[in-house]
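Structure record follows, encoded as structure tokens.
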Amino acid sequence: MTTISEIYNKKVIPAMQEKFGYANVMAVPKVHKVVINIGIGKLRDDKEREEVKKFLRLISGQEPSSRPAKKAIAAFKTREGLVIGYQVTLRGRRMNDFISRLIDVALPRMRDFRGLEPSAFDNSGNLTIGIKEYIVFPEMIGEDYRFLFGLEATVVTTAKKREEGIELLRLLGFPIKKD
């Protein structure tokens, strides 16, 4: 099985140089990091919060950091400093492993999945994917879970333009719909 870094070196770099005319290999955009976020604002029970943290640890392979509220909002019943989410930033080998699991296993297992919309990319070529149920990841098979929660994964690239980011991730194997 080829890894993401092998695909990038053998397939993506030559194709991107040909399409966008990069003179130097170092100018070709690459995936910089993957950020995974989970909001837990509605969970009040500490046991449920620890369960969410445990599942995020299983999915990402590293310890999540807690994200406290920056200011109090009475309508959402949050106070300043209250933990309202967890975040993991993946780089290097863990990032490549997560991307390969996302492409090969998680996205095809999503309900009614027809491909990623090009509108999910921002102007810098970064992709943000909302996953409604975390059980699409292979680590969750066989785990007992009491409730479902969603998460958000952002694939951050070094692309300067939106088109470069779309082409980079398409060549890496992301199932992106045609415009």
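Is it the case that the stretch 124-143 has a residue that's surrounded by 15 or more Cβ atoms within 10 Å (Cβ to Cβ), acidic (Asp, Glu) and more than 25 Å from TYR8 (Cα to Cα)? Looking through the stretch 124-143, at least one residue is surrounded by 15 or more Cβ atoms within 10 Å (Cβ to Cβ), acidic (Asp, Glu) and more than 25 Å from TYR8 (Cα to Cα). One residue alone among GLU51, GLU18, GLU6 is surrounded by 16 or more Cβ atoms within 10 Å (Cβ to Cβ), among the charged types (D, E, K, R) and not in a loop (DSSP other than H, G, I, E, B), and that residue is GLU51.
Conditions (1) part of a helix (DSSP H, G or I); (2) over 16 Å from GLY173 (Cβ atoms); (3) not basic (Lys, Arg), marked per residue:
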| position | (1), (2), (3) |
| --- | --- |
| ARG67 | no, yes, no |
| LYS71 | no, yes, no |
| ILE84 | no, yes, yes |
| ARG94 | yes, yes, no |
| ARG111 | no, yes, no |
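One residue stands out among those in the stretch 143-179 that are among the hydrophobic types (A, V, I, L, M, F, W, C), in a strand (DSSP E or B) and more than 11 Å from PHE121 (Cα to Cα): the one that is modelled with the lowest pLDDT, which is LEU151.
Scanning the stretch 75-100 for residues that are within 30 Å of THR3 (Cβ to Cβ) and either aromatic (Phe, Trp, Tyr) or free of Cβ contacts under 8 Å to residues at least 12 places away in the same chain (or both) returns TYR86, GLY92, ARG93, PHE98. One residue stands out among those in the stretch 81-123 that are surrounded by 13 or more Cβ atoms within 10 Å (Cβ to Cβ) and of a type in the set (Ser, Thr, Tyr): the one that is farthest from ARG57 (Cα to Cα), which is SER100.
The values are calculated or read from the model by the stated rules, or taken from the named source; none is laboratory data. Note that the coordinates shown come from a computational prediction; the quantities given were computed from them, not determined experimentally. Virtual Cβ from ideal backbone geometry, glycine too; neighbours counted across all protein chains shown.
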